[in-house]
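Read the structure below first, then the notes.
What follows draws every value from the coordinates through simple rules; no lab data is involved. Predicted model, so just to flag it, every value in this text is computed and none were measured. For neighbour counting, all protein chains shown are included, and Cβ atoms are generated from backbone atoms with ideal geometry for every residue, glycine included.
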Amino acid sequence: MKKRLRWQVRGLSFGQTNRHLLEERIELEQLQQRLDDQRQEQAADIHKLDFEIAGLNRRIEETTNRIHQIQKEVKLQETVPTGGKGRMGEMLVSRGIITAAQLEHVILSQKQYGGRLGDILVDMGFVTPEQMIQEMSDARPKERLGEMLVRSEYITQEQLERALSFQAKSGGMLGDILLSLQMLEPEELYRAVATQNQIGRLGEEIDLNVPFKLPEQWAQDNGVIVVHQYLNRYLVAVGDPIPVERYAELEELLGMPFEQVLATKEELEHLFSSNYGNEMLKQSTSKLKEQQPENSASTTFTFGQIMIFAIVSLSIIVGLIWNVWGTILVVNLLIQLFYFIMTIFKFAIIYLGSRTNSQLRFTPEEIAALDEKSLPIYTILVPMYKEAGVIPHLIRNLERLDYPKSKLDVRLLIEDDDIETKELLSSMNLPAYYTTLVVPDSLPKTKPKACNYGLIRARGEYAVIYDAEDQPDADQLKKVMAAFNSLPEEYVCIQAKLNYFNSSQNLLTRWFTQEYSMWFELLLPGIMKLDMPVPLGGTSNHFKVSVLKNINAWDPYNVTEDADLGIRLYKSGYKTAIIDSRTWEEANSQVGNWIRQRSRWIKGYMQTWLVHMRNPFKLIKEIGWKGFLGFQVMILATPLLPLLNPIFWVLILLWFGWEAEFIPKLFPGYLYYIAGAEFYVANFLFIFSNVAGVYWIINDMEEKGEKRFSFSLVKYGLSIPLYWVLMSIAAIKAAWQLITKPFYWEKTVHGLTEMNEENLLQEKL
Amino acid sequence: MMNRKGKLLLFILMFGMEFALGFYISYVLGYMHSDAISRVANAFYVLYSRDPHLGAIGFVWNPLPSLMELGLLVFYPLVPALATYGLAAVLMSSIFAALTSVLLYSSGRKMGIGAGISLTIALLYSLNPFVFLFGANGLSDAPYIYFIMYTVIEFCFWLKSRSASSLILSAFALAMAFWTRYEAVPLGVALAVGVVIAVFWMHRNYYSTGPTLREKAYKVEATWILLLIPAVFSGLLWIFFNYIIMDNPFYFLNSEYSNVAQSGQLQSDQSFVELFNSPWLALKFIAGKTLWYSAPLFAVLLIRLFTKRLFQGGTLIILLMFVSVPALQFVLLMRESSFGWFRYFMYVFPITVAWLPYELSLVRDRGRKLAFAVVVLSMLVTAGLLSYAMTDPSIAPDENNFINMADNEHLKEQELDRSVGAWIDSNMNDGTNIMTDSYSAYNLLVSSDNLKRYLITSDYKFETALNDPPGNDIDYILIPKPLPGIPKSAINKLYPNMFEHGNEWATLYHDFDGKWRLYKIKKWVAPQG
Amino acid sequence: MRTNGIIGNGTAWLGYHAGDVEEMMKLVAESRQEVEKILMEEREVYITESASKTNEIVELRSLLEKVQAEERAIIGGEIPK
């Protein structure tokens, strides 16, 4: 009975015990990890052995079958298929070195995995290597690809000449040029290239049951993938023949000799995604999270942040209890101060942005003077989801780009469950520089994840993102190259200006156009001029691929990955520039849809702010005071102002409508003047800058002879305050979602406009 | 860099000369135009009255000049003469006069005209004796002229380059002009018509075929919005402020202190009554006054005639802007509410001069030298004409006052007002409550060394105290002699006989030359009625 | 995780009760031992399995060589015919 109430005040210390327990647990986890590793390793080993056993058994069986047939003197009457690859085999059969049955098995194997007939014959033990060398001695010397293609009648001499003249103008590989001109199919070209290099081609019915995988990074870097294991060597598929100096390295990795077979880009793409799909997926979803958890939005609120919010709210509550009006006054003072600083700052930025040198500008002559030969390969990433309808327009818009097609690497990123788009794309027979990538299904299902996935195997030195419905100006890629060439090394990102082609569809799209004009024509150039972090816009941001990969590309957990990336680039000491080239997008034309899209953006800005403000002091150290201020203006004010606005709208209504008595208490003395100046002057200036922004761009285009917009758009700027109301609604929704489902991607439905509307507009003008 | 230094030098030089003259007139001679000193007074009340608040700036005159003086008056405790002698106004006007010189010079340079020509035009304008006087006298004309010249110059840039930024700058300058003087309204109308002309008839070479008529109309609409919205918004805001603070949206137009009310006295002037009743006479009257300033316009027309551009859109635009100034006076005369002062017509001169750099930039090579010669001649003629006008009180009475102090009635009034202030300063305790109407007492209020002693019109308690002075702890009431034709102050209006006969609760305490009277208020007596 | 409260033979207000901690430690240690055991066992199974498979491969290879030699012999033998 005594033991029931023996109070013990001091037990074992929480901290020490927890630490101790944690250590123990970590050890346990490490052990479990080791167990997993061992299992994996052993399974792979066993699999490899099983594979070899199965292969051996099959061959023994085949051989005994053949022996039986010979013994029964059952002669095979079927003729061996004729054609290039059959020739040497037939010769061997006719000379009695091998039997027709042996040849059949060899050809079967070749068809399945690829490789050269001779090598397979040797591997299967039908002929000795010495015999082979003897038989091959009459092989032709290496000739030029073009000549060979003409000789083999893949292309005509005229076609070759045309391709060569392209090459003289734009540089690049002849093969790519031939493909971009669609003069022959990739399979034919690679067949020829393989013959030229005296290596084999990838088989047609490849069955990727390979017991050995190269380490992913090495495979990606070198474009090599194991496709089959023979008894004494591996068959590896390559996009380009492996340079000799890499032979030793590869053999060491494989632990056996190898034979290379050539695969087209599409085949290689397919091999990689089926072989390394999981690794690539993991890389695109969690690389940033693992390598720089401090920059990943996978955690929305950190514990510290929750504590700070709790402390702030608690002190406000305590303050309210202690002194209601005093507390409200202080809070109001802080908010007004915030408004005031943000307003002043925003206008300073806009003023700077209105200078002509705030954007990089190039004349058509300067662009025409670019040497195409110096242009690098350019990757275009087009993430899309259930947008099959806009694909024809997409292709048309991409084809309009003025850039050597042989140097393009267009990667269409579609989701696994988007069957309609998948089917449409596979039926389309796109030119060879298009690659369709199916992003495996996994969470988070976001655009940045798809982009990361597409970037892994991007061939370009530079990359850009376009949405499916985008219409980039034809000279955009060249302008960007001109810009990169003229800018210092630290500029790794160039943002083109976004605007809308369906601006005149309805009032909402008109407002949206005004907002975008303002944002991209004035605000972002001002930010760039001030050398502050630029929150990138969703599309048409051009990157140096190496840097982009280095900083782990996009954050798949952030729903405005673009804005976040802008900040992270700045953090890493890189810079972003705005270029005077536009991409035309489709503005959201339905209010509900618009609110969804906007709430996603606002949520993303909140996410971004929370991520980088986990440690404000560190942020200041990383991006300096100027960058910090710019960060607050762009990333904090953008979502916060629409959240605060409704409160003050209500106050104004109460004051002018009912002269509510509590309001003067909130705005004593100078605060009244500050708030008044903001209300009258700042609101006016915001409206005016909208009007000015849109006038600016229309005027600018008219001077250049382009007629995208009508001046009739300008007057709608005066009604923009109604748009602010919508913005506040979206902001409230966003704040709610940030807490309830932070990674949910509010999908925007595109294709709500008639795509040929811009043509109609042009006719009208 | 040299250019920048040059501009700074020009500014300092002009400012120095203007301020020196202004200082001499207002501080040494002690004269300041009543419009100028009352604007200083308005700013002064905002900062140093019993209830410092922005509303005290008053709602009759456009508030920008007072607002700017307000900034200067922050230093009143250190330099009392800023208010007492109205030096804040002199500073303001001489700063703007100097800025105007620099503006003219640099707009010439930006238009691609040589430094020599640009500087000559700037100096010929700024050193014109008439213009020079307005840089020194502290009136709101100096900032107003600066703003309208800015407006016109940026508008010209727009005509030349069609860049949106010029339009924006022009728009804000026009809004600033409105916050300075109401005369900006007709100029805005003229610019609006100018936009139509420019868009429809001053067609520029486009890469492709020009826009359709419909699109041109949209462009006019858009350009109007951009160019006029700041000014229109300013106007609406001003009406709104009048409404919420004075409970009368058109207080600035029709209150007892407004121009309309003040010009009531004109009804007793026979020559004005004739003008009011005959549009033809009014036109002749206006044309006569305008002609004094018109030489540069004739120069422009002459240049256009000889370069075969007389019938181009530009001619119409400059004519419109020019005519907008006398047109307002015509309208006001027809509505019987303008004094038609000589200086009201002067704005045609800066408008034309602001156009000159653009005009010269359109003429090439040898033609430019000739055109420049014509311009110089016209400017010299104007200088001569205006100098003569100033010496003749029948042409320019206001301006004549500045150079003829001996006959200056206003100077005498001001001296008296100051002496009243000084008497009160030396004979009254700091704690006494003196009620007075600031609309008539501004001169003595700014010269007082303790403004808080006075209960003035803009103070919160004034309305209540006016209806019951004894019940509101008022010790004295100071009132001016009511004069026919001049608007009555609030006190004289409510107690019309008080100045002559006093009141049952007020006994005469002191009389100042029969112009001002100080009444002592009895305490604790219930007011009549 | 239990912190304080009336358990067992006493209550700790500022810290873990020693008994609780002991129990938790014991649990962790037990699972560790178990994992270690599995690790060892599986390794042994693997070694035997892989050894037998390797043997099988060696046998199969020699068998294949034998069969192929036979085939070659037959082909070779046929040529003179």
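Efficiency by 1/(1 + (r/R0)^6): what FRET value for B:Y24 and B:A422, r their Cβ-Cβ distance, R0 = 25 Å, to the nearest 0.05?
Working: r = 22 Å, r/R0 = 0.89.
So the FRET efficiency works out to roughly 0.65.
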Rounded to the nearest angstrom and ordered from largest down, what semi-axes does the equivalent ellipsoid of the stretch A:555-655 get from its C-alpha gyration tensor (root of 5λ)?
26, 21, 13
With only alpha-carbon pairs counted, each pair once and no self-pairs, how large is the Kirkwood hydrodynamic radius of the stretch B:1-137 in angstroms?
15.9 Å
Charged-residue dipole, Cβ positions (Lys, Arg, Asp, Glu), the stretch B:350-508 about Cα centre, Debye nearest 20:
960 debye
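Normalised by the number of residues in the stretch A:598-667, what is the relative contact order in percent for Cα pairs under 8 Å and 6+ residues apart?
Details: 22 pairs, mean separation 21.7, N = 70.
Relative contact order comes out at 31 percent.
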With a ≥ b ≥ c taken as the square roots of the eigenvalues of the C-alpha gyration tensor of the stretch A:333-764, please select rounded if a/c is under 1.5 and otherwise prolate if a/b is larger than b/c or oblate if it is not?
prolate
Residue-count net charge about B:T507 - beta-carbon cut-off 11 Å; Lys, Arg +1, Asp, Glu -1
+2
Given A:L21, B:L377, A:L455, which one lies farthest toward the positive end of the charge dipole of the protein assembly as shown, if we put +1 on the Cβ of every Lys and Arg and -1 on the Cβ of every Asp and Glu?
B:L377
In units of 2.2 N^0.38 Å, what is the alpha-carbon radius of gyration of chain B?
1.06
Counting helices only, and only those DSSP H runs with n ≥ 4, report the 222 nm mean residue ellipticity of chain A as the sum of -39,500 (n - 2.57) divided by its residues, in deg cm²/dmol to the nearest 500.
-18000 deg cm²/dmol
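Which value in Å does the Kirkwood hydrodynamic radius of the stretch A:459-585 take, with 1/r averaged over all unlike C-alpha pairs and then inverted?
On the way: mean 1/r = 0.0672 Å⁻¹.
About 14.9 Å for the stretch A:459-585.
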Collect residues whose amide H, placed 1.01 Å from N in the peptide plane, falls under 5 Å from the amide H of A:V236; neighbours closer than 5 in sequence don't count.
A:V227, A:E259, A:Q260, A:V261
Given a Förster radius of 56 Å and the C-beta distance between B:W341 and B:T432 as r, what FRET efficiency does 1/(1 + (r/R0)^6) yield to the nearest 0.05?
0.90
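With a/c under 1.5 counting as rounded, go ahead and sort the stretch B:311-402 into rounded, prolate or oblate using the C-alpha gyration tensor (a ≥ b ≥ c being the square roots of the eigenvalues; past the cut-off, prolate if a/b is larger than b/c, else oblate).
Details: a/c = 4.06, a/b = 1.50, b/c = 2.70.
The shape class here is oblate.
Ordered by packing density, taken as the mean number of other Cβ atoms within 10 Å over each peptide's residues, highest first, how do A:114-125, A:602-613, B:504-515, B:283-294 rank?
Details: A:114-125: 22.1, A:602-613: 25.0, B:504-515: 14.4, B:283-294: 18.0.
Ranking, from highest mean packing down: A:602-613, A:114-125, B:283-294, B:504-515.
Tell me, what does the Kirkwood hydrodynamic radius of the stretch A:393-478 come to in angstroms if you use every pair of distinct C-alpha atoms? Spell out each step's value before the answer.
Numbers: mean 1/r = 0.0723 Å⁻¹.
Every distinct Cα pair counted, the radius reaches 13.8 Å.
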With label points set 7 Å from each Cα along the Cα-to-Cβ direction at B:M334 and A:K715, the distance between them in nm comes to 2.8 nm
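Which ordering of A:I367, A:I349 is given by a fewest-first count of other beta-carbon atoms within 10 Å?
Ordered from fewest to most neighbouring Cβ atoms within 10 Å, A:I367, A:I349 come out as A:I367, A:I349.
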For chain A, radius of gyration divided by Kirkwood radius, i.e. Rg to Rh on alpha-carbons
1.07
Would you give the gap between the C-alpha center of the stretch A:288-341 and the C-alpha center of the stretch A:229-250, rounded to a whole Å?
59 Å
Distance between modelled label sites at A:E706 and B:N467, nm, 7 Å Cα→Cβ extension
6.6 nm
A:W322/A:R355 FRET efficiency (R0 45 Å; Cβ-Cβ; nearest 0.05):
0.35
Go through the stretch A:593-606 residue by residue and turn each phi into a ³J(HN,Hα) via Karplus (6.51, -1.76, 1.60, θ = phi - 60°); whole Hz please, and just put x for glycine and proline.
4, 4, 5, 4, 4, 5, 5, 5, 4, 5, 4, x, 5, 4
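How crowded by other chains is B:228-237, given as the mean number of beta carbons from other chains within 10 Å of each beta carbon? Numbers along the way, then the final one.
Working: counts 0, 7, 3, 0, 0, 8, 1, 0, 1, 3.
The per-residue average across the peptide is 2.
Ranked highest first by average number of other Cβ atoms within 10 Å, how do B:221-228, A:731-738, B:51-58, A:152-159 line up? Let's see the in-between values first.
Numbers: B:221-228: 22.4, A:731-738: 19.9, B:51-58: 17.8, A:152-159: 13.4.
Order by mean packing, descending: B:221-228, A:731-738, B:51-58, A:152-159.
If Rh is defined by the Kirkwood formula over all Cα pairs and Rg also comes from Cα, what ratio Rg/Rh do you get for the protein assembly as shown? Intermediate values should be presented prior to the final figure.
Values: Rg = 44.4 Å, Rh = 39.4 Å.
Taking Rg over the Kirkwood Rh, I get 1.13.
Could you list B:M428, A:M256, A:M528 in order of exposure, starting from the residue whose Cβ has the fewest other Cβ atoms within 10 Å? Could you put the intermediate results ahead of the total?
On the way: B:M428 18, A:M256 13, A:M528 24.
So the residues, fewest neighbours to most, are A:M256, B:M428, A:M528.
Hey, what did chain A get for relative contact order, percent, Cα under 8 Å, at least 6 apart? Kindly include the intermediate steps, with their values, before the conclusion.
Values: 1003 pairs, mean separation 93.0, N = 765.
The normalised contact order for chain A reaches 12 percent.
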Only counting other Cβ atoms within 10 Å, I'd like A:L455, B:L316, B:L174 sorted with the fewest neighbours first.
B:L316, A:L455, B:L174
A:R233 neighbourhood, Cβ < 9 Å, K/R = +1, D/E = -1, net charge -3
Give me D for the stretch B:355-447 in µm² s⁻¹, whole number, from Stokes-Einstein with Rh from the Kirkwood sum over alpha-carbon pairs, 10 °C and 1.306 mPa s.
89 µm²/s
With the calculation restricted to Cα positions, what are the radius of gyration and Dmax of the stretch B:250-389 in angstrom?
18.0, 58
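Under 13 Å from the Cβ of B:G116, count the other residues' Cβ atoms, weight Lys and Arg +1, Asp and Glu -1, and hand me the total. Can you show the working numbers first?
On the way: positive: B:R109, B:R368, B:K369; negative: none.
Result for the local shell: +3.
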Determine the relative contact order of the stretch B:1-137: mean sequence separation of Cα pairs under 8 Å and six or more apart, normalised by residue count, in whole percent.
33 percent
State the Cα centre-to-centre distance between the stretch B:31-71 and the stretch A:534-607 in whole Å.
51 Å
